[in-house]
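Visitor: First, the structure itself, so that you have it in front of you.
The values are calculated or read from the model by the stated rules, or taken from the named source; none is laboratory data. As the structure is a prediction and not an experimental result, all values here were calculated from the model. Neighbour counts are summed over all protein chains in view; Cβ atoms, including those assigned to glycine, are modelled from backbone coordinates with ideal geometry. To get the accessible areas, we keep the full protein, side chains included, count just its heavy atoms, and leave off ligands, DNA and RNA. Shrake-Rupley method; radii C 1.70, N 1.55, O 1.52, S 1.80 Å.
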Amino acid sequence: MNDEYYMQRAIELAKKGAGFVNPNPMVGAVIVKDGKIIGEGYHQRYGDFHAERNALKNCSENPEGATIYVTLEPCCHYGKTPPCTEAIIENKLAKVVIGAMDANPLVAGKGAKILQEHGIEVVTGVLEDECKKMNRVFYKYITTKEPFVVMKYAMTADGKIATKTGKSKWITGEKARYAVHKTRNNLAAIMVGVETIIVDDPLLTCRLEDECVNPIRIICDSCLRTPIDSQVVRDASYTKTIIATTCENQERIRIYEEENCQVLTVPSKNDKVDLKALMKLLGEMEIDSVLLEGGGTLNYSAIAAQIVDEVQIYMAPKIFGGSAKSPVEGLGIEHPRDAVKLVPTNIQMVGDDILIENEVKY
C-alpha cells in the first residue's frame, strides 16, 4: 500500500463529518504501523476531538513509531480542543503525511514546523487537490470570513424551471431530489427569496433516512411580506429561521420575533437586500456556507452581486417549451462576451438526470 491509498481512506473518513463540523473543516486520519492500519478517526462534530486524537484513541496497539495520514495539517493552537500536534508528539509518532496545508492563520504551516522541530518526518501534498476540494467551503470561509455560496437549480433540457402554469413538482427524479437533501445537510444554511415562500410555502429542511442536520433557513424579504402562517415561520421554534430585510418597522419586526424568527436588518441596494452586506453579516455569525435555492430573480441578484462560488445544475431529460420561467432572470446582459463564465468541475448521472457542478468565474 502507498501513501495515496492511506490518504484516500482518510478522505473517506473525513467526509463522514459533512454537515456536522461546520464551520470547522472535514478531516480524516489513518495511523499505519508495520504496513497495517492500527487506528482511524475523523472530526465528528464541531467542538469534539479532531481526527488525529480520535485516530489515536482508536488505536489497536501502541502507535509509537507509526505514520499518521491526515487530510489537513494538524492544528497547533488551543481552541475548543487541545492542539493535535501535542498528541502526535506525546504518542511518539515517527511520520506525518499531510494532504493539504491549513489556511487558518493560526496554523498555516506552523503545525508542520512544530512537528519537524520535534524530529518527526513530515510529508505534504499527498492527494492535495482532493483534500482541498473536499474543504473548499472551509478554505473560502477561513480566508474571507464570508460563506461559500452554492446556487442550485433544476431545469428541463430547454432551460425551464416550471411549466407555463407555474408548476414545478417535479422536474427531476427521486435520486436527484435525494442528492439535494444531502447538499442541504452538508451546508450550514439554505436561502430563498420571499416569493418562493409565498408561492410554494416550502419547509426547507433536510429529509434523509440517516441522521442529518437541518440548515439554517434564510429568507430574503425586503419589505417583510413572509406570511406568518407559512411553514418556515410556524417551524421556527425547531429550525433556526433568519429573515433578512431592509424594513425597520419595529412593530412588524416584533411579529416575527414573537414567532421565534431572527430578523436581520440589512442595508438596501436597488430597493432590495444588499446580498454582499448580508454575506458579511452571516460570516460574522459563523455561517460558513449557503445553499441558494431561490427563483430566477434572487439567482440573478446573487450572480450580479458576485456572491456565488459554485453552481449546481440538475438537468432533466424533458422539454416544457413555451414562455415558462428560466433559472436566472433579471435584466440579463447585452452581449455574449459579458456572460458570467462557468467552469465545469464534475458531470455525472443522478438517476435519469444530469448533474453539472461548476465553479463560477467573474
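Visitor: Please give the net charge around Cys84, taking every other residue with its beta carbon less than 13 angstrom from that of Cys84, where Lys and Arg add +1 and Asp and Glu add -1.
Guide: Summing Lys/Arg as +1 and Asp/Glu as -1 gives -2.
Visitor: How do the peptides 349-360, 14-25 rank, highest first, by the average count of neighbouring beta carbon atoms within 10 Å per residue?
Guide: With the highest mean Cβ count within 10 Å placed first, the list reads 14-25, 349-360.
Visitor: Treating each Cα of region 298-360 as an identical point scatterer and ignoring solvent, apply the Debye formula and state log10 I(q)/I(0) at q = 0.16, 0.29, 0.30 Å⁻¹.
Guide: -0.67, -1.23, -1.23
Visitor: Considering the zone a paramagnetic label at Lys167 would reach in this model (a point 7 Å from Cα along the Cα-to-Cβ line), which residues of region 202-230 have amide N under 19 Å from it?
Guide: 202
Visitor: Express in nm, to one decimal, how much length is gained between Lys80 and Gln250 on full extension, taking 0.36 nm for each residue of separation and deducting their alpha carbon distance.
Guide: Residue separation times 0.36 nm, minus the Cα-Cα distance, leaves 57.5 nm.
Visitor: Okay, next question. I need the calculated FRET efficiency for the pair Asp210 and Glu334, taking r as the beta carbon distance and R₀ as 45 Å, to the nearest 0.05.
Guide: Once the sixth-power term is evaluated, E becomes 0.40.
Visitor: Also, I was wondering about something else. Rg over Rh of region 30-187, using C-alpha atoms and the Kirkwood radius, what does it come to?
Guide: Radius of gyration relative to Kirkwood radius: 1.14.
Visitor: I'd like the distance separating the alpha-carbon centroids of region 316-346 and region 6-33, in whole Å.
Guide: Using only Cα atoms to place each centre, the spacing works out to 36 Å.
Visitor: Moving to a separate point now. Please identify the cysteines of the chain that lack any partner cysteine with a Cβ under 4.7 Å from their own Cβ.
Guide: So far as the 4.7 Å Cβ criterion goes, Cys59, Cys75, Cys76, Cys84, Cys131, Cys220, Cys223, Cys247, Cys261 stand without a partner in the chain.
Visitor: Which net charge results for the neighbourhood of Pro344, defined as the other residues with beta-carbon distances under 10 angstrom from its beta-carbon, given Lys and Arg at +1 and Asp and Glu at -1?
Guide: Net local charge, Pro344 excluded: -2.
Visitor: Please report the carbon-and-sulfur percent of the accessible area for the chain; probe 1.4 Å, protein heavy atoms only, DNA, RNA and ligands left out.
Guide: Ligands and nucleic acids excluded, carbon and sulfur give 48 percent.
Visitor: With label points built 7 Å along Cα→Cβ from the Cα atoms of Asp129 and Ala94, find their separation and express it in nm.
Guide: 3.2 nm
Visitor: For Met1, project a label point 7 Å along Cα to C-beta. Then give me every residue of region 121-137 with its amide nitrogen under 20 Å of that point.
Guide: 121-128, 130-131
Visitor: Rounded to whole Å and sorted largest first, what semi-axes of the equivalent ellipsoid does the C-alpha gyration tensor of the chain yield via the square root of 5 times each eigenvalue?
Guide: Working through the eigenvalues yields semi-axes of 41, 23, 18 Å.
Visitor: Mind giving me the FRET efficiency for Arg225 and Asp34? R0 is 56 Å, r the Cβ-Cβ distance, nearest 0.05 is fine.
Guide: So, using R0 = 56 Å, E works out to roughly 0.25.
Visitor: Could you list log10 I(q)/I(0) for region 230-350 at q = 0.13 Å⁻¹, which the Debye formula gives when each Cα is one point scatterer?
Guide: Here log10 of I(q) over I(0) equals -0.72.
Visitor: At 7 Å along the Cα-to-beta-carbon direction for both Val343 and Asn270, put a label point, then send me their distance in nm to one decimal.
Guide: About 2.6 nm separates the two model spin labels.
Visitor: Report the number of Lys pairs in region 185-340 whose alpha-carbons are under 25 Å apart, with separation of 8 or more residues or on distinct chains.
Guide: So the count works out to 7.
Visitor: Can you tell me which of 163-172, 214-223, 252-261 comes out highest on packing, and rank the rest after it, using the mean Cβ neighbours within 10 Å?
Guide: So the peptides 163-172, 214-223, 252-261, ranked by packing, come out 214-223, 252-261, 163-172.
Visitor: Going by average Cβ density within 10 Å per residue, which order do the peptides 274-286, 201-213 take, highest to lowest?
Guide: 274-286, 201-213
Visitor: Say we join alpha carbon atoms closer than 10 Å with springs in a Gaussian network model of the chain; which of Gln231, Gln116, Gln250 then has the biggest fluctuation?
Guide: Residue with maximal mean-square fluctuation among Gln231, Gln116, Gln250: Gln250.
Visitor: Express in nm, to one decimal, how much length is gained between Ile356 and Lys175 on full extension, taking 0.36 nm for each residue of separation and deducting their alpha carbon distance.
Guide: 63.7 nm
Visitor: If you build a Gaussian network model of the chain, linking Cα atoms that sit under 10 Å apart, which residue out of Glu248, Glu64, Glu117 swings the most?
Guide: For the chain, modelled as a Gaussian network with Cα springs under 10 Å, the answer is Glu117.
Visitor: Quick check for you: with a 1.4 Å probe and neighbouring chains kept, what is the accessible area per residue of region 227-300, in Å²?
Guide: Computed with neighbouring chains in place, this is 50 Å² per residue.
Visitor: Distance between Cα centroids, region 85-145 to region 35-54: provide it in whole Å.
Guide: Each part reduced to its Cα centre gives a spacing of 14 Å.
Visitor: Additional query: Sum up the charges of everything whose Cβ sits under 13 Å from the Cβ of Glu286, counting Lys and Arg as +1 and Asp and Glu as -1, but leave Glu286 out.
Guide: Cβ neighbours under 13 Å give a net charge of +1.
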